[in-house]
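Okay, structure first, notes after.
The values are calculated or read from the model by the stated rules, or taken from the named source; none is laboratory data. What you see is a predicted model; the values in this text were computed from it and never measured. Counting neighbours? That spans all protein chains shown, and the Cβs are built from the backbone with ideal geometry, glycine included. Just so you know, the surface numbers come from the protein's heavy atoms only, side chains and all, with ligands and any DNA or RNA stripped out. Shrake-Rupley method; radii C 1.70, N 1.55, O 1.52, S 1.80 Å.
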Amino acid sequence: MCAFAVGLSYFFNNSYASTGIENIKTNQTIKHKHKIIKANLTNYLNSVTKDKTASVSFYSLGAVDGSSAANSKYAKLYQKGALEVESNASTVNTAASTYKLYIAAYLMNQKLNGNFSWSDTNWDSFSKMIVNSENDFSEAQLDNYGADAISQFVKNQGWYPSVFRDGQAAQTTSYSLQLLLEELDAGTGAFQNKSDRIKILKLMGQQIYRTGIPAGASAAKSGTTVQDKVGFLNDTNNDAGIVTLPNGEKYILVVMTNGHNQSGLSGFSRIAEITKNVQKIVYGSDAGTKLVDYSK
């Protein structure tokens with residue numbers, strides 16, 4: 001009996017020791033991969049924004065609950081906020097129709113305060129604003145509430161404070177759009193109503209301009225889905241979205257571009273290329289294995 005007890009004690013002590021060693025190794029691997037991924041992503045984004053005609057913000061959101069990624073021993077590598085890399089992200093750019101995300105946030109805040117409610121008419125118009133990027137509804141809200149009131153709300157959220165100014169096109173930064181998408185994903189701030197949040201994300205998943213982030217994310221990994229809002233005006237092409245990989249990993253990516261003789265939607269292929277490379281750097285099969293020089 002005594003020998004049995006000693007044997008059991010030996011088994012459990014060594015089992016715990018083995019588990020502890022394995023955990024230490026996993027944490028060391030995570031730190032190593034994190035360092036390489038962050039360095040590679042930083043270098044890559046610096047290379048694509050070097051001429052100051054692009055701004056990019058990346059933010060890891062962790063994994064969908066119950067997904068294979070959530071159950072991976074490397075889940076901590078991609079947990080919410082573990083990887084946040086920006087380049088030229090505080091530069092003020094023409095927002096184009098990405099400003100409609102601020103309109104959506106303002107209306108959801110009005111609804112939380114009992115000052116806005118859905119009707120068949122405004123829901124249809126709101127849907128067209130997101131899915132088709134039509135302007136009538138958003139412009140009507142600016143006329144109705146006033147650019148100053150909406151800008152004050154935006155400022156109060158800690159986002160770029162001067163999106164709307166009389167007599168000029170809406171402006172914002174990629175970092176500001178990232179912060180808005182963080183709240184939309186988390187269901188915080190103006191997006192606390194779960195039903196409304198789900199509706200907005202569903203509309204963003206149905207928006208018809210798919211040649212930017214959606215195309216690039218899918219090229220990096222087939223089956224990746226994107227809920228995004230685009231904007232295009234003159235030589236400006238922008239895309240801001242929440243991306244979900246087939247294994248459940250999620251991230252936010254905002255890419256704002258101009259110049260390069262862009263017109264219409266021609267710049268979205270550039271956004272797609274940036275997206276594809278970002279996703280491969282962060283989530284690819286060889287992510288975090290070696291440093292890469294993107295300056296060449």
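Structural remarks
- Qualifying position, being modelled with pLDDT of 95 or more and open to solvent by 20 Å² or more (accessible area, probe 1.4 Å), among K199, K229: K199
- From D239, D235, residue being in contact with a Lys or Arg (Cβ under 8 Å, 6 or more places away or on another chain), closer than 26 Å to A104 by Cβ and either open to solvent by 60 Å² or more (accessible area, probe 1.4 Å) or not hydrophobic (A, V, I, L, M, F, W, C) (or both): D239
- Lone qualifier among N193, N247, N234 - being over 13 Å from the mean Cα position of the chain (by Cα), of a type outside the set (D, E) and at positive phi: N234
- Within the option set I21, I30, I36, being more than 19 Å from G259 (Cβ to Cβ), out of contact with any helix residue (DSSP H, G or I) (no Cβ under 6 Å at 6 or more places or on another chain) and open to solvent by less than 30 Å² (accessible area, probe 1.4 Å) holds for one residue only, I36.
- Hits in the range 162-196 (condition: open to solvent by 50 Å² or more (accessible area, probe 1.4 Å) and over 22 Å from V255 (Cβ atoms)): R165, D166, G167, Q168, T188, Q192, N193, K194, S195
- Search result, residues across the range 65-108 that are charged (D, E, K, R), surrounded by 14 or more Cβ atoms within 10 Å (Cβ to Cβ) and not in a helix (DSSP H, G or I): K80, E84, E86
- Among the residues making up the range 39-64, those that are surrounded by 17 or more Cβ atoms within 10 Å (Cβ to Cβ) and in contact with a Lys or Arg (Cβ under 8 Å, 6 or more places away or on another chain) are A54, S60, L61, G62, A63.
- Matching residues in the range 119-147 - criterion: being assigned to a loop (DSSP other than H, G, I, E, B), within 19 Å of A96 (Cβ to Cβ) and among the small types (G, A, S): S133
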